[in-house]
Amino acid sequence: MVAGPTASGDLLTEIAPLVISAPFGNYVQHPGTTPTLGTYTWQRRGGRIAAMGRAALTVRYYRRLGAWVNRIGLRNPGIHSLDHQIPGARPIAESIVSVHGFSPEDWFQLLSVTAAARPAAIELNISCPNVGEISWPPELFSEAVATGIPIIVKIPPVRYAQLATDAFSGGVRHIHAVNTLPVRGGGMSGAPLKPIGLSVVQRLRDEFGPELGIIAGGGIRTAADVHEYAQAGADRFAIGTLAMRPSAPFSEKFLAEVRRAASDALSGSTGRVPTPLPRD
């Protein structure tokens, strides 16, 4: 088991049992969930309309596999749009804000601006398969923890072990596992991702023990999926492609089963009592 520095601070943040992954959390913000806003970059990359257009052009559904493949590539209006949230949107303080930097300067500027907004947590998205080579400065994790905001690192489903170790050694105590799977044509999500996600969560729990808070996602569509992730060691549960439907922002029906299962898991009724997410 890996040992690392203890996260600083004794404040607790309330993150719902069910997390809505970015980019879906920008517009799916139903009660009983915590939305993830973003993923934001330092510079504007096309805005929300461009992101929707890119999704329409690149998202493909493979019915036989129950899988989606997308090549959206972090289209977003830039981190400064945090000051211009959609009327009626969830307050920043009740949301996770996801960011991605293309340079060391980007990463540190994103941390500064995002921390000033005081979100429930900052997610460092270090795993999008649609933006080419990803790099980050060695001190990123310790600098992120020093903001005093809970830090989540979103990891890929492959080649994640050293990243997770470096993040934990830097003081990060929350990991979101996993992002989409890199395949020809983009990143794959949906049913084929679940066995990989379960394996990653189990390995993280075995490696880091109860000190690590794990937000688990990848192919979650039913209560049974939530229960499997809970037994693998997850503390919270994230959905993405389940929210990929036109009615998602307006109707909660599609969430009912997994939201209830996630709440049951958080209360320990699945057999595992999840650890709280402390403020770093």
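The values are calculated or read from the model by the stated rules, or taken from the named source; none is laboratory data. These numbers were taken from a predicted model, which means no experiment stands behind them. Positions of Cβ are generated from backbone atoms using ideal geometry, with glycine treated the same way; all protein chains shown enter the neighbour counts.
Here are the numbers:
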{"read-out": "Every residue from the stretch 196-242 that is closer than 17 Å to Val153 by Cα and among the acidic types (Asp, Glu)", "value": "Glu207, Glu211, Asp235"}
{"read-out": "Contacts under 8 angstrom Cβ, first residue in the stretch 241-264 being more than 11 Å from Ala223 (Cβ to Cβ), partner of a type in the set (Phe, Trp, Tyr) and assigned to a helix (DSSP H, G or I), 6 or more apart", "value": "Leu242/Phe254; Ala243/Phe24; Ala243/Phe254; Met244/Phe24; Arg245/Phe254; Ser247/Phe254; Ala248/Phe24; Ala248/Phe254"}
{"read-out": "Matching residues in the stretch 9-49 - criterion: being of a type in the set (A, V, I, L, M, F, W, C) and modelled with pLDDT of 90 or more", "value": "Ala16, Leu18, Val19, Ile20, Ala22, Phe24, Val28, Leu37, Trp42"}
{"read-out": "Answer residue from the stretch 87-111, given it is in a loop (DSSP other than H, G, I, E, B) and touching a helix residue (DSSP H, G or I) at 6+ places or on another chain (Cβ under 9 Å) and is modelled with the lowest pLDDT among those", "value": "Ala89"}
{"read-out": "Residue within the stretch 148-166 that is touching a Pro at 6+ places or on another chain (Cβ under 8 Å) and at positive phi present", "value": "no"}
{"read-out": "Test result for Leu74, at positive phi and aliphatic (A, V, I, L, M)", "value": "yes"}
{"read-out": "Enumeration of residues in the stretch 173-209 that are of a type in the set (Lys, Arg) and closer than 18 Å to Pro129 by Cβ", "value": "Arg184, Lys194"}
{"read-out": "Residues of the stretch 232-246 satisfying the condition of being touching a Phe, Trp or Tyr at 6+ places or on another chain (Cβ under 7 Å), crowded, with 24+ Cβ neighbours inside 10 Å and assigned to a loop (DSSP other than H, G, I, E, B)", "value": "Gly240"}
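Every residue, every condition in (1) closer than 26 Å to Arg205 by Cβ; (2) touching a residue at least 60 places away in the same chain (Cβ under 8 Å), yes or no:
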{"residue": "Glu94", "(1), (2)": "no, yes"}
{"residue": "Phe102", "(1), (2)": "no, yes"}
{"residue": "Ser112", "(1), (2)": "no, no"}
{"residue": "Ile149", "(1), (2)": "yes, yes"}
{"residue": "Leu163", "(1), (2)": "yes, no"}
